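First up is the structure itself, then whatever we jot down about it.
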Amino acid sequence: RIHPATRVFQALRIVVNGEISALETFLSLAPNWLKPGGIIGIISFHSLEDRLVKHSFRNSPWLQVITKKPIMATEKELAENPRSRSAKLRLAQRISILI
């Protein structure tokens, strides 16, 4: 199990480094960098990050969600790499919108 102070220091790091605002900016701009049919994949390690990615993918008119549920590490991966336990991968594909 993780040390009780781990989450506190993680929260402090997220605030001090402006990680949430940087992620929000990236997620709003990223669809513009993809060609139609291009795929974006985001790996998140924290529930707050994952929620932002999920809602951003879902609410973007330029993206179609590929993974309804996040892809997570298998038991084999967890045995070989315990740090992968909190990793979640979400994928979305750039679509072209015809008006």
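The values are calculated or read from the model by the stated rules, or taken from the named source; none is laboratory data. All values derive from a computational prediction rather than experimental measurement. As a convention, Cβ positions derive from the backbone with ideal geometry for all residues, glycine included, and neighbour counts pool all protein chains shown.
Among what's in the stretch 16-35 and is of a type in the set (Val, Ile, Thr) and closer than 16 Å to Asp50 by Cα, pick the residue that is modelled with the lowest pLDDT.
That would be Ile20.
Condition (residue is closer than 26 Å to Arg7 by Cβ and among the charged types (D, E, K, R)) applied to the stretch 30-40: is it met by at least one residue?
no
Are any residues in the stretch 9-48 over 16 Å from Arg90 (Cα atoms) and among the polar types (S, T, N, Q), and if so, which ones?
Within the stretch 9-48, Gln10, Asn17, Ser21, Thr25, Asn32 qualify.
Could we say that Arg13 is at pLDDT below 95, out of contact with any Pro (no Cβ under 6 Å at 6 or more places or on another chain) and of a type outside the set (S, T, N, Q) here?
Yes.
Of the residues in the stretch 48-96, how many are in a helix (DSSP H, G or I), modelled with pLDDT of 95 or more and surrounded by fewer than 16 Cβ atoms within 10 Å (Cβ to Cβ)?
Of the residues in that region, 10 qualify.
Report the residue count in the stretch 22-47 for those that are within 21 Å of Gln10 (Cα to Cα) and part of a loop (DSSP other than H, G, I, E, B).
2
Condition first: under 10 Å from the mean Cα position of the chain (by Cα), surrounded by fewer than 15 Cβ atoms within 10 Å (Cβ to Cβ) and hydroxyl-bearing (Ser, Thr, Tyr). Now tell me which residues in the stretch 14-47 satisfy that.
Residue satisfying the conditions is Ser47 alone.
Write out, first by first residue and then by second, each pair whose Cβ atoms fall under 6 Å of each other, whose residues are 6+ apart or on separate chains, and whose first residue, in the stretch 1-28, is free of Cβ contacts under 8 Å to residues at least 60 places away in the same chain while the second is surrounded by 10 or more Cβ atoms within 10 Å (Cβ to Cβ) and not acidic (Asp, Glu).
Leu23/Leu52; Leu27/Ser56
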